[in-house]
1. Between Gly145 and residues 5 or more places away or on another chain, which pairs have amide H atoms under 5 Å apart, with H built 1.01 Å from N, and which residues are they?
2. Taking only the alpha-carbon atoms of the range 115-251, what semi-axes of the equivalent ellipsoid follow from 5 times the gyration tensor eigenvalues under a square root, in whole Å, largest first?
3. Under a Cβ-only charge scheme (Lys and Arg +1, Asp and Glu -1), can you give me the dipole magnitude of the chain about the Cα centre, in debye to the nearest 20?
4. Post the alpha-carbon centroid distance, the range 1-40 to the range 99-117, in whole angstrom.
5. Roughly how many nanometres apart are two label points built 7 Å out from the Cα toward the Cβ at Arg134 and Arg246?
6. Can you classify the range 199-251 as rounded, prolate or oblate using the Cα gyration tensor, where a ≥ b ≥ c are the square roots of its eigenvalues, rounded means a/c under 1.5, and otherwise it's prolate if a/b beats b/c and oblate if not?
7. Would you mind calculating the gained length between Arg2 and Ala48 on full extension (0.36 nm times residue separation, minus the Cα-Cα distance), in nm to one decimal?
8. Enter the accessible area per residue of the range 18-136 (Å², integer; probe 1.4 Å; all protein chains in place).
Amino acid sequence: MRPTWEEQGWERLAPRVGRRRLPGWDCTVGLVAGDGAALMVDAGSDPAEGAALRADAERLLGGGRSVTHLALTHPHFDHVFGAAALTGAEVFAAAGPAGAFTDGREELAADAVRNGIDPGVARAAADRLVRPGRVVAGKVALDLGGGLRAVLADVGPGHTGHDLAVLVTGPAGPEGRSAPGTVFCGDLVEESGEPQAGPDAVPSRWPAALDRLLALGGEDAVYVPGHGAVVDAAFVRSQRDALAARFGVSR
């Protein structure tokens, strides 16, 4: 018998949509299990974690299926170093990050070491870092089968220069009404702590990125931060306003 999402340690967000809160940095990884394809959102902090996530996904999908699409929300080690284990998946990222996946590998490894990753593991993960095959400028829609659709949207810059969000919607109900969507926000939104603004952040444009995120998901969507518990649109608006005040951005 195929295990349930909860038995595998995933939080169910909507039918066939879930996420894992990974140990260490409380980083979110999402999974959308369509009838014809499966999308993972981010991939963990090293290839071993990515391999474990892939195995979990394959058990949930059943029938010898695996992840076919991988969306990387932004080029930070805790979100992308596991991507090397997702062999065969088509990899998406926001427009512009090619340098971060090639020229920026040493800095990604250095950041991982500063955050406690073993230097050898960090270097090996950086060496294996995948380069996205699909660059999203604007929006890309994916039909995953069974009425599940994902819209990948370049909503940055903000947390980094290249922030990708993913809106997932399911089939319409018997009255023709679609259930509220699920938005994977990456680190544009954080719930378990104050949003982190590193050297690659664009603080002056972060509040506007959250406006675009809210426009993507709408008032009734479930918003899934890169770190922390699921939130609603009111939380995202509040964090937007706090970031504007913190960085002196006029609204």
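1. Close amide H contacts, sequence-distant or interchain: Asp35, Gly36.
2. Working: eigenvalues 141, 96, 39 Å².
In descending order the semi-axes read 27, 22, 14 Å.
3. On the way: 24 positive and 32 negative charges, 94 e Å.
Magnitude of the dipole: close to 460 debye.
4. That distance is 27 Å.
5. Modelled inter-label distance: 3.2 nm.
6. Values: a/c = 1.92, a/b = 1.57, b/c = 1.23.
Prolate, because a/c is 1.5 or more and a/b exceeds b/c.
7. Details: separation 46, 0.36 × 46 = 16.56 nm, distance 2.32 nm.
That works out to 14.2 nm of additional length.
8. Working: 4340 Å² over 119 residues.
The answer is 36 Å² per residue.
The values are calculated or read from the model by the stated rules, or taken from the named source; none is laboratory data. Computed from a predicted model, the values in this text were never measured in an experiment. No Cβ is skipped: glycine too gets one built from the backbone with ideal geometry, and neighbour counts run over all protein chains shown. Note: accessible area is taken over every heavy atom of the protein model, side chains too, but ligands, DNA and RNA are not part of it. Shrake-Rupley method; radii C 1.70, N 1.55, O 1.52, S 1.80 Å.
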